[in-house]
Amino acid sequence: MSDQRRGAVITGAAGDLGRDLAESFLRDGYVVFGADVMPQPPIEGLVAVTLDVTDRAAVFALAARAAAETRLECWINAAGIFLTVPVPAASEADWQRIIAVNLTGVFHGCAAALDVLSRAGGGRIVNIGSVSGQIGGVGVHPAYGASKAGVHSLTKTYALEGARHGVLCNAVAPSLLDGSMSRIFSVAQRERLARTNPLGRMGRVGEVTRVVRFLADLGQTFVNGAVVPVNGGSYMPS
Ligand SMILES: NC(=O)c1ccc[n+]([C@@H]2O[C@H](COP(=O)([O-])OP(=O)(O)OC[C@H]3O[C@@H](n4cnc5c(N)ncnc54)[C@H](O)[C@@H]3O)[C@@H](O)[C@H]2O)c1
């Protein structure tokens, strides 16, 4: 039976950003479908769904369920993987894995979200890109930046297509965040990365959540196809 409560889908919900997003939407009374390949720590009210975002059928089944059980407003593609490796040593197997999760997974998410949201008369898609998709990166598998550049491009395509159906699609492009994926770097590396940011620190997950919440809000209606930097001013595309 359809729940008249607003619904949100978040992939990567077991991760630092996904969990912060889920808690933010839950505080505002949304029914949150949190999807992740890993078990999710229990959060009151969260509908935890175990799935792999590379499994298109599972992603579409989640979309159908969320649309049937709630008044679905938004879909956030936050699942992702990151790998530090000297670029000359980057393997093809890791290339395939990173592209499958970070790019193909977002393709499935955008496609499933567009399908159900357009049939419901509109909604919002927000993709989590990265500054790596804009400037690349040293010591990181080249597939990471390539996948995120692809996410930025997918965002524009779904923004153009979605606009015809009331579905706006945007992305955020954070730089390295405190906690979460940055744990893969040593303390010395993290301190160096923080020092080189104009604000002298890494970003915080909550600072990304605030921007995502703005882009996911049905009240914002004229920002579409944007890749919003959340990077402390470390890269300022004109
Ligand atoms: N943390 C950063 O510094 C940073 C910077 C820029 C962009 N990002 C992006 O933000 C997003 C969230 O990252 P985070 O910082 O929360 O990292 P995280 O590692 O804490 O969370 C990522 C989540 O994605 C899940 N995941 C991985 N593969 C999956 C799959 N095949 N199917 C379903 N779920 C899968 C993981 O289990 C994990 O829970 C990612 O897309 C990441 O690339 C992070």
**Report entry** Globularity index of the range 9-100, i.e. its alpha-carbon radius of gyration over 2.2 N^0.38 Å
**Finding:** 1.21
Report task. Round to the nearest 10 and report in Å² the accessible area of Leu154, as given by a 1.4 Å probe over the protein chains' heavy atoms. Result -> 30
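Roughly how many percent of the accessible protein surface of the range 38-111 is carbon and sulfur, given a 1.4 Å probe and a whole-percent answer?
Values: 2230 of 3580 Å².
For the range 38-111, the apolar C and S fraction of the accessible surface comes to 62 percent.
Using the Cα centre of the range 104-238 as the reference point, and only Cβ charges (+1 on K/R, -1 on D/E), how large is the resulting charge dipole? Debye, rounded to the nearest 20.
220
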Requested in this report: Would you grab the residues whose amide H sits under 5 Å from the one on Val167? Only those 5+ places off in sequence or on another chain, please, with H modelled 1.01 Å from N.
Outcome: Gly123
Report summary line: The answer for the net charge of residues other than Arg204 whose Cβ lies under 11 angstrom from its Cβ, with Lys and Arg +1 and Asp and Glu -1, is -2
**Report entry** Taking only Cα atoms of the range 6-230, radius of gyration then Dmax in Å
**Finding:** 16.6, 50
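Around Asp36, with a cut-off of 13 angstrom between Cβ atoms, what is the net charge of the other residues, counting Lys and Arg +1 and Asp and Glu -1?
With Lys, Arg at +1 and Asp, Glu at -1, the net is -2.
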Query raised in the report: Where in the chain are the DSSP H helices whose C-alpha atoms run 18 Å or more along the long axis and whose mean Kyte hydropathy is at least 0.0?
Result: 56-69, 105-119
**Report entry** Binned Cα-Cα distances of the range 6-51, short to long, each 10 Å bin given as a whole percent
**Finding:** 35, 60, 5
**Report entry** Only Lys, Arg (+1) and Asp, Glu (-1) charged, at Cβ; the chain dipole about Cα centre in debye
**Finding:** 440
Query raised in the report: At a Förster distance of 30 Å, what's the computed FRET efficiency of Arg190 paired with Arg71, Cβ-Cβ distance as r, to 0.05?
Result: 0.15
Query raised in the report: Arg183 accessible area, nearest 10 Å², 1.4 Å probe?
Result: 150
Report task. Would you mind counting up the charge near Arg183? Only other residues with Cβ under 14 Å from its Cβ, with Lys and Arg at +1 and Asp and Glu at -1. Result -> -2
Report summary line: Expressed in angstrom, Rg and Dmax over the Cα atoms of the range 43-170 are 15.5, 48
Query raised in the report: What accessible area per residue, rounded to a whole number of Å², is obtained for the range 6-230 using a probe radius of 1.4 Å?
Result: 44
**Report entry** Percent antiparallel among DSSP beta bridges (both partners in the chain, rounded to 5)
**Finding:** 5
Query - Net length gained if the chain between Val138 and Ala64 were fully extended (0.36 nm per residue, minus Cα distance) - result: 22.6 nm
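The values are calculated or read from the model by the stated rules, or taken from the named source; none is laboratory data. All of these numbers come straight from a predicted model, not from anything done at the bench. Backbone-built Cβ (ideal geometry, glycine too); neighbour counts: all protein chains shown. Just the protein is used for accessible areas: all its heavy atoms, side chains included, with ligands, DNA and RNA removed. Shrake-Rupley method; radii C 1.70, N 1.55, O 1.52, S 1.80 Å.
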